[in-house]
Amino acid sequence: MNTVLKSILALLGAALIPLQAAAAVNVLACEPEWAALANEIGGDRVTVNSATTALQDPHRIEARPSLIARARSADLVLCTGSDLEVGWLPLLFTQSGNARIQPGTPGYLEASQFVVRIEIPKVVDRAMGDVHPGGNPHIHLDPRNIAKVADALAARLAQIDAPNADAYKSRLAAFLTRWQAAIERWEKDAARLKGVPVVVYHKDNSYLIAWLGMREAGSLEPKPGLPATPAHLAELVERMKREPAKVILYSAYNSAKAAEFLASRTGMPAVMLPYTVGGSDKAKDLFGLFDDTLARLLATVK
Amino acid sequence: MKNHWLIAVTLAAFCPQAHAAGEDEMRELREQVRQLKENYEKRIEALEKRLLQAEQAAGKAEVAASNAQASANQAASVGARPSGESAFNPGISLILNGTYGNLKRDPAAYRITGFAPTRGEVAPPNRGLSLGESELVISANIDPNFRGTLIAAIAPDDSIAVEEGFIQTLGLPGGFSVKAGRFLSSVGYLNETHAHAWDFVDASLANKVFLGNHLSEDGVQVKWVAPTELYFDLGFEAGRGRKFPGGPDGGRSKNGFGSGTLFAHLGGDIGASTAWRLGLSHLRTSAQDRTYADLDSAGVGVTNSFTGRSRLWVVDGVLKWAPQGNATQTNFKLQGEYFRRTEDGSLTYDTTAASLGTQAGSYASRQSGYYAQAVYQFMPRWRAGYRYDRLSAGTTSIGLVNAGTLAAADFPILGGYNPTRNTFMVDWSPSEFSRVRLQFARDRSQFGAADSQVLVQYIMSLGAHGAHKF
């Protein structure tokens, strides 16, 4: 009994050793894309955790104890904002007891505040589904938005960790050079996607569609945030017979069922897009995310 | 861009002066201006082209928003936020719920045998159709240091109760936070959760007998979260003791505090799919004239009263699983709590001298109970759950009975009995804001009076998107 008790205590003790209080800036990113960006800009001067993975719906996770624990030790919380995390992030603020990351302090950065949001609803009513009054929050699938957030993030890191300000600045410059070159390459490669009609699962690909000039011809969700219903799918099948789209897109965290159902009824291919970093084997970082996304899209549009 | 234009215009403005200068200089300047102009025309053309593309691409986006593409800083102000005094309206949400009950026994006669009645809302919902409590939630940050929340419960009998009304700190250093006001006590797991977020229509039997259904205290809570990777918190509450197990109702008139709670939680993840939390809490209070109603051996309704110490220990655990942590399609939740309470002091029989006359003697009890429940979302929108409740009346020693002054039959509700209940439920949630539930329970709370309860409930929330605790 005593030894059991001792080993439990030892385990507890090990687990309770404070997180490394090293000089590194402790970043808690709400989504994997921002975790990847924080790594690009911060390099080894930051320790980065992501609250969600590419296989989780960022709307629908819970303020688990492990997230509160991470928020407790964070120096910077980097999130999308625009109500994407409204179901759990407010609890991290109130439950973590961390004054440094409260909204309005330098320790909280909301990426969507630095870009032009699209699909801002004129009327906000839940009868239209899970609408976001601040516009579509899935901003990272337009790479030009990533560049803007990178700017803001580098400035914020420089503010929080002033001694390393120059390092963040030069890492930002290096990243933006590579990023702009990549954007040019992607835009050139993706030229033939222009005007291609696509069916989406959720409105999480809107920025990608807007950037590449594709056209959204329908959505598997009857209304944003509501799961597909048989009636809606039947209606969609009919619509696709009249005006077929080229491809059905769904994200790594979505169930493939509805997309495959529509594919089987219409002959349109269903394509899984990684959506964010970690959503596919090739989407290892932000560059890989767009490389793989475009490769998957281009493979269907010959 | 504006700056460059300014330079160009300024250059142009200086041209007449340049007239005095040599022809060469003049030509050079003109050439420079021309180049500048050309340069900028090209850039503007490119910008316009990008703008056009952006406009086309943005689809439904406001043209104004597209114009703002050029400047990310401007963009931040694009969102149509209200201005003026309404801009600071707090988040308001309203929770509506109602039930239909088909019960074998009248809920007005509901008792849990073996346990002193708590005067809380422990009875099952009414027979037939009835409105539940409508909850109005108003909350916002007060300033950078404080956040305020008010939850008013509007009962179907037209009364309004303050369910919670508290302020909490946001800016304390070192992982500390303080709550003050009226709040749901952090004793156990279910008690901290609002009724509309419960997985069953009603609370567990243990919550009913040990915490009077839902314990909210007027007091102060101090909580500390450890700076560790494993979640660990530690806290205490000093309260008024305004409700069961404290007493009398509304709390005693005394300085200091009437109840104290200590709690600690551990929590973490197991891989990406599983999250857990374990808690230990202790509630101690000294009740004074905590009254309850009973029927004595003569069948006369009497009021009895307890004065003494009450000590409660609760161990709680919750485990949630979803494939890869993605709860959208399927997920599973396992939850359980074990309660153990000791009370000692004095018990006064028939305080109003309605039957055999007021008499007092010693009282001591050691009681326990637990519940365990599992809820599984087997497909989007649909969940099914099962809960098992068991209480143990344990040992109760009543001085008046031991001395032979009164009979055990004079305290029927304190008789030895182990209540149990089996509950099944299925619920359907068309969206995250609405839920309809069907529940069936076989309730053996009352000795010799097993009840079958069929309940249909709707719970809907409107307004600000609430964030629920784990």
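Every read-out reported here was derived from the displayed coordinates using simple, explicitly stated rules and does not represent laboratory data. Keep in mind it's a predicted model, so treat the numbers as computed, not measured. All Cβ positions, glycine included, derive from the backbone under ideal geometry; neighbour counts span all protein chains shown.
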Phi angles of the stretch B:26-36, converted by Karplus (6.51 cos²θ - 1.76 cosθ + 1.60, θ = phi - 60°) into ³J(HN,Hα) in whole Hz with x for Gly and Pro, give 4, 4, 4, 4, 4, 4, 4, 4, 4, 4, 4
Which whole number gives the average count of other chain Cβ atoms within 10 Å of the Cβ atoms across peptide B:267-275? 3
Taking amide H atoms as placed 1.01 Å from N in the peptide plane, list the residues 5 or more away in sequence, or in a different chain, whose amide H sits under 5 Å from that of B:G188. B:S281
Angle in degrees between helix A:165-189 and the longest Cα principal axis of chain A, rounded to the nearest 10: 10
So, by mean Cβ neighbours within 10 angstrom, what's the order for A:97-109, A:185-197, B:185-197 with the highest one leading? B:185-197, A:97-109, A:185-197
How would you rank B:D350, B:D158, B:D389, going from fewest to most other Cβ atoms within 10 Å of each one's own Cβ? B:D158, B:D350, B:D389
For peptide B:167-180, what's the mean number of Cβ atoms from other chains within 10 Å of each residue's Cβ? 3
Just to confirm the number: angle between the C-alpha axis of helix B:2-19 and the first principal axis of chain B, 0 to 90 degrees, nearest 10? 20
What is the local net charge at A:H232, summed over the other residues whose Cβ is closer than 14 Å to its Cβ (Lys, Arg +1; Asp, Glu -1)? +2
Here are some pairs, A:K169/B:K469; A:K148/A:K246; A:K122/B:K42; A:K148/B:K179; B:K179/B:K469; A:K194/B:K37; which of them have Cα atoms lying more than 27 Å apart in this structure? A:K169/B:K469; A:K148/A:K246; A:K122/B:K42; A:K148/B:K179; A:K194/B:K37
In whole Hz and in residue order, list the ³J(HN,Hα) couplings for the stretch A:77-90 that follow from phi through the Karplus curve 6.51 cos²θ - 1.76 cosθ + 1.60, θ = phi - 60°; x for Gly and Pro. 9, 10, 10, 6, x, 6, 6, 4, 9, 4, x, 9, 4, x
Once phi is turned into θ = phi - 60°, what whole-Hz ³J(HN,Hα) does the Karplus curve with 6.51, -1.76 and 1.60 give for every residue of the stretch B:234-242, x standing for Gly and Pro? 8, x, 9, 10, 10, x, 7, x, 7
Hits among lysines - C-alpha to C-alpha of B:K104 under 29 Å, sequence gap 8 or more where chains match: B:K208
All Cα pairs of the protein assembly as shown, percent lying beyond 49 Å: 29
A:V200 long-range amide H proximity, modeled H, under 5 Å: A:A217, A:G218, A:S219, A:L220, A:L249
Averaged over B:320-328, number of beta-carbon atoms from partner chains that fall within 10 Å: 5
Could you tally the net charge around B:S434, taking each other residue with its Cβ under 14 Å from the Cβ of B:S434, Lys/Arg +1 and Asp/Glu -1? +3
Amide H contacts of A:M214 (H built 1.01 Å from N, under 5 Å, at least 5 apart or other chain): A:G195
